[in-house]
Structure formats: C-alpha cells, structure tokens
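See structure below.
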Amino acid sequence: MKSHSSPMIYRLREIPELENLMVEVEAREGKLNCKINGKISPFLRFLIKRFFSSHSSLGTLASLNGSNIYSLYFPPIPSPAHERLFESFLSTHVFKRPKPMAATIGITSQCLYRCPHCSAAGRSTEEPDMTTEELMEVIEQCLELGVSNITFTGGEPLLRYDLSTLISSVPEKLAVSQVFTNAAALTPERIEEIKSAGIYGLQVSLDSPEPAEHDHLRGSNGAFAAVEKGILAARRAGLLVGISTYATRRRVYEDHFMERMAALAAGWDAQELTVFDAIETGELMGKKDITINQKSRKKLLKQMRAVNRRYRGKMRTVTQSWTNSGRGFSRLIGCLAGHFQFHITSGGEFTPCDFTPLSMGNIREESITELWQKLLSHPAYSRRTLKCRMQDPEFRRNYIETIPHGAELPYRQKIQV
C-alpha cells in the first residue's frame, strides 16, 4: 500500500474570487500537506491550512490509491471529488453562497423491519417511489449543484433492484456513494454486486451491542447476527464499513454503551462508528424523555473522546453531539440540514434532512436547484446554526408543533419568505 500520493492541484474554478488560487495537496505518511499559491487574505490562508490540518490530526482510517480516508462521509484526500467538497466548503463559509456537500436520497419505502425509532414513520405513501429514470435525473442534478457525497437510504436500499445501476451512475471523480443498510439483505453476492458498481462505503445500522435487544428493537430474531455476518463479509471484500447507532438520554448512562459499541465496531474491523442523537421525529414523535440534554451531551462527548483515544488509527467514533457542539472545527459544521446537505424521500419530497418532516416541494414538480434555493430562503434555514434545529424548542414550536394532526408527512408548510 502506498504511503503517499502524488500532489494534486486544487483549482477553485467555480469561485470567481479565487480563480487564480491553486492549492497543492499531498498525502504523505498519514498526514496532509498543502501549499497555497496565489494572493489571498491572511484569514483565508489560515482557514485553508486549518481545513487540512484538522483532518491530519484525526489520523487516517484507510488509504485508497495513495489518498487518505479520514471518514466515510468525505471523499479521499486528495481526489477530484474532495476538490469539489473543498470548493463547496469555501463557497459556503467564506463567500456566503451555500453549496451542498452531501445529499441523502431515499430510494425505496420498503423495509424488512418496523423499528420503534424509525424516522421515516408517518410519511405519506401517496407518492410512488421514484423510478430508475427519476433517480438517475436526481443524482445528475445533485452533482450539478456541487454535491460530493451521495448516500442512498430507504426504507432498505438493498431491496431496490436497480441499486447497482444507481451506484454506478455516481462518477468517482465527482462524488463518493454510500448505502445505509440494516444488513438483512447484505449477502456476499449483493456485496460483490455493489462493489463492482463502485460503492465507496456501507453504513450498517446497529441499535444495541446486546444481540437480544437489537433483535427486539428490529422485531426480528437474527437481526444482530445479520449485521455481524454482513459487516465481516463486506470487510473481507475490501469495502469500507461504518456502523450507525443512536444515543438516548438513558443510553448515555447505560453500562458502557459507547465503549461496547466501539469495541464491536473495532472487533468487526469497521472503520467508523456514528452515534446520532435520538430525535423526536417519526416513531419517536412526542417522546421527549428520549432526547439528549446538556448534562448527558457532555458525558457523551467525554465517552467519545475516550474511545477515540483507545482506537486511534484503527476506528473512529463521531457523534452528532460533537458536530453540534461548537467546539474546535465543529464550529464550521453545526446543523447539517440546509447547510451541508439535504434529503429527498423515496417519493421525491425535498426536505432539509432525513429527520425533519418538512418539505420544500417535490422533484417531480421543481428542479433540485430551485428546491435548494427555496430551502435557503426559508426563515429557519436562511442562516447557519450550530445546534440541531430539530432539537431546538423554538424551531419545533414554530414549524413542527404547528403541523396539523393527521397531515401527510413530510408537511408542506406555507411559509412567507
């Protein structure tokens, strides 16, 4: 395996103010080196250096063609796809022209399980799932908008017969593609199929380190065994694998929940563990006692730091609580919805994120560029915020609690902008 890449020149052609700027990026011995050529402000020079050094400080999870992989959510560095992400980052943060870096796309409403924490519960089934042709058009429009990470969700994406076709429609020079799966249909044959199609990584859902509890929450005996079997098979095939779970207020104080989840991930040779906050949405709507409070959030962040020290260089844990903490580099992240990313349901509804039951419209009626601009002009999304909006009491009072009882979700509110 190569320990370094050939230097790559990042040219920011889509940002007129930086048309003469060149950033030379090289991965060497697990670190990133960048040389800046061109006249820029001291602040911008500092920001660019910080952007790359923040990745280097994390340590690499894997290598691909000599480039470093720091997270399954980002393209390898350096790479043409990452150049696009970097360009979107600067456009958004420096020039206040937000460009999305990621899109999550629901490709089917079908699922093998009925989970008590499903965020998609309550969504309308009136709109049929998008066709292959519609999804191909969605992907193309996302790429034209600047997206560098296409993540396929569901339902259960592996139930979609044309998944490999969709994956192969994402050029690796423009973006990476991921699949969020429950692993029930993650057979060796399916793994080889999506690998051949060019998948970048898999995110496998795991609700508990206890097999019996995971099976109970998924409503299916053997669900935990399917996760273990699927992850091990995917790693043998050489795929990048992450595990996705969620934290409730109770779980933060459970007997070593984070440590046990991280130990499983490392033991199965997964590269990343993502811990989302439990959000009061979908099946969890109205269950306020599950949400993370400030005290439990601090404890969760402490647990994250501990497991990251333990598994540094092998596996990394990232939490939504850190992303929304405003600490260090996370100050430039915050709430991802309408800033870093957007979500499209299997029926084509354009929403800020998978957890937000609000729709800006449907891709069958408007272009993705038009829907993105509509989202940016929404009063709640016209400016960046550090904290998750769906956990903000004021946002919920104004936009979630006003959704009529029994309304189809995601709900199209009439908002004056």
Which pairs turn up if I take residues in the stretch 357-371 that are closer than 27 Å to Glu283 by Cα and look for partners that are open to solvent by 40 Å² or more (accessible area, probe 1.4 Å) and among the small types (Gly, Ala, Ser) with beta carbon separation below 8 Å, at least 6 apart in sequence or on another chain? Pro357/Gly122
If a residue has to be among the basic types (Lys, Arg) and under 16 Å from Arg260 (Cα atoms) to count, how many in the stretch 313-349 make the cut? 2
Tally of residues being farther than 27 Å from Pro76 by Cβ, of a type in the set (A, V, I, L, M) and touching a helix residue (DSSP H, G or I) at 6+ places or on another chain (Cβ under 7 Å) across the stretch 196-224: 1
Testing Ile403 on (1) open to solvent by 10 Å² or more (accessible area, probe 1.4 Å); (2) under 18 Å from Ala120 (Cα atoms); (3) in contact (Cβ under 8 Å) with a residue 60 or more places away in the chain, one condition comes back false. Which one is that? (3)
Output the number of the condition that Leu58 fails; it satisfies all remaining conditions of (1) open to solvent by 40 Å² or more (accessible area, probe 1.4 Å); (2) without any contact (Cβ under 8 Å) to a residue 60 or more places away in the chain; (3) within 25 Å of the chain's Cα centre (by Cα). (2)
Name the residue that is nearest to Gln271 (Cα to Cα), counting only residues in the stretch 63-87 that are in a loop (DSSP other than H, G, I, E, B) and open to solvent by 20 Å² or more (accessible area, probe 1.4 Å). Tyr73
When you check Ser168 against the structure, is it of a type in the set (Gly, Ala, Ser), modelled with pLDDT of 95 or more, open to solvent by 60 Å² or more (accessible area, probe 1.4 Å) and under 30 Å from Glu365 (Cα atoms), yes or no? yes
Across (1) open to solvent by 60 Å² or more (accessible area, probe 1.4 Å); (2) modelled with pLDDT under 95; (3) touching a helix residue (DSSP H, G or I) at 6+ places or on another chain (Cβ under 9 Å); (4) of a type outside the set (Ser, Thr, Tyr), Gln413 clears everything bar (1)
Listed by first then second residue, the pairs whose first member lies in the stretch 321-350 and is closer than 19 Å to Cys118 by Cα and without any contact (Cβ under 8 Å) to a residue 40 or more places away in the chain, whose partner is part of a helix (DSSP H, G or I) and open to solvent by 20 Å² or more (accessible area, probe 1.4 Å), with beta carbons under 9 Å and at least 6 positions apart or on separate chains, are Phe350/Lys374
Can you tell which of Val138, Val227 is within 30 Å of Ala263 (Cα to Cα), open to solvent by less than 20 Å² (accessible area, probe 1.4 Å) and assigned to a helix (DSSP H, G or I)? Val227
Give Gly242, Gly282, Gly267 a once-over and let me know the one that is within 26 Å of Arg190 (Cβ to Cβ) and buried (at least 19 other Cβ atoms within 10 Å of the Cβ). Gly242
So, Thr60, is that one part of a loop (DSSP other than H, G, I, E, B), among the β-branched types (Val, Ile, Thr), on the phi < 0 side of the Ramachandran plot and modelled with pLDDT under 95 or not? yes
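The values are calculated or read from the model by the stated rules, or taken from the named source; none is laboratory data. This is a predicted model, so every value here is computed, not measured. Backbone-built Cβ (ideal geometry, glycine too); neighbour counts: all protein chains shown. In case anyone asks, the SASA skips ligands and DNA or RNA and just uses the protein heavy atoms, side chains included. Shrake-Rupley method; radii C 1.70, N 1.55, O 1.52, S 1.80 Å.
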